[in-house]
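Here the structure comes first, spelled out in structure tokens, and everything after it is commentary.
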Amino acid sequence: MIRLATRADVPAVVDLEREVFGADAWDERAVLAELEGPGRRFVVADDLSGFAVSMTLGDIVDLQRIAVHPARRRTGLASALLGNLLEHAGAADRMLLEVSERNESAVAFYVAHGFTRIDVRPRYYRDGSDALVLHRTLVPAADASGRMAP
């Protein structure tokens with residue numbers, strides 16, 4: 001159901017970006033940069049109805065994006081995408097993200113998945129809305145010997 005994104009997925013991701021994020025959508029160049037950037041994990045649903053991107057820097061995973069086609073919302077897809085990123089967080093001990101304070105359903109989604117508010121970025125989005133900075137503590141994955149996974 002969830003797999004790593006490929007270059008062939010870029011056009012569909014760009015279309016979904018436009019539908020979900022409007023004026024704040026990533027263009028093709030930005031999507032490619034996320035797909036190929038260091039420390040990135042870019043996953044898609046098999047049917048390309050959703051995707052998620054994270055960037056790991058040291059002990060922090062930054063959730064860059066989760067997008068789900070409106071017709072697939074409330075089906076568990078966003079939870080599956082987030083779960084995949086969390087399962088592959090390696091030795092990171094926390095995940096951070098920004099979400100518009102006006103996006104009440106997204107804020108509720110993240111709170112339901114263990115995120116808490118730690119800061120606010122005033123007028124962060126193009127529409128002038130503030131970004132809530134959310135945080136979730138992670139338990140780093142360990143390999144079979146008990147050592148931390150890379």
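Screening Ile2 with (1) among the aliphatic types (A, V, I, L, M); (2) within 11 Å of Leu85 (Cα to Cα); (3) under 13 Å from the mean Cα position of the chain (by Cα) gives one miss only, at (3).
Taken together, Asp119, Asp46 contain a single residue that is open to solvent by 50 Å² or more (accessible area, probe 1.4 Å) and in contact (Cβ under 8 Å) with a residue 40 or more places away in the chain, which is Asp46.
Which residues, taken from region 85-116, are open to solvent by 40 Å² or more (accessible area, probe 1.4 Å), over 20 Å from Phe21 (Cα atoms) and among the small types (Gly, Ala, Ser)? Ala91, Ala112, Gly114, listed by residue number. Residues that are buried (at least 16 other Cβ atoms within 10 Å of the Cβ) and either assigned to a loop (DSSP other than H, G, I, E, B) or of a type in the set (Gly, Ala, Ser) (or both) within region 49-78 comprise Ser49, Gly50, Ala52, Ser54, Ala67, His69, Ala78, listed in sequence order. I want to confirm something. Restricting to region 96-150 and keeping residues that are hydroxyl-bearing (Ser, Thr, Tyr) and not in a strand (DSSP E or B), which single residue is modelled with the highest pLDDT? Ranking the candidates gives Tyr110 first. Given the structure, is Leu81 aliphatic (A, V, I, L, M) and either over 21 Å from Ala45 (Cβ atoms) or in a loop (DSSP other than H, G, I, E, B) (or both)? When the stated conditions are applied, Leu81 does not pass them. Pick from region 1-35 the residues that are in contact (Cβ under 8 Å) with a residue 60 or more places away in the chain and farther than 23 Å from Thr75 by Cα: which of them is least open to solvent (accessible area, probe 1.4 Å)? By that ranking, first place goes to Asp24.
The values are calculated or read from the model by the stated rules, or taken from the named source; none is laboratory data. What you see is a predicted model; the values in this text were computed from it and never measured. FYI the Cβ positions are ideal-geometry reconstructions off the backbone, even for glycines, and counts take in every protein chain you see. Calculation scope for accessible area: heavy atoms of the full protein, side chains included, ligands and nucleic acids excluded. Shrake-Rupley method; radii C 1.70, N 1.55, O 1.52, S 1.80 Å.
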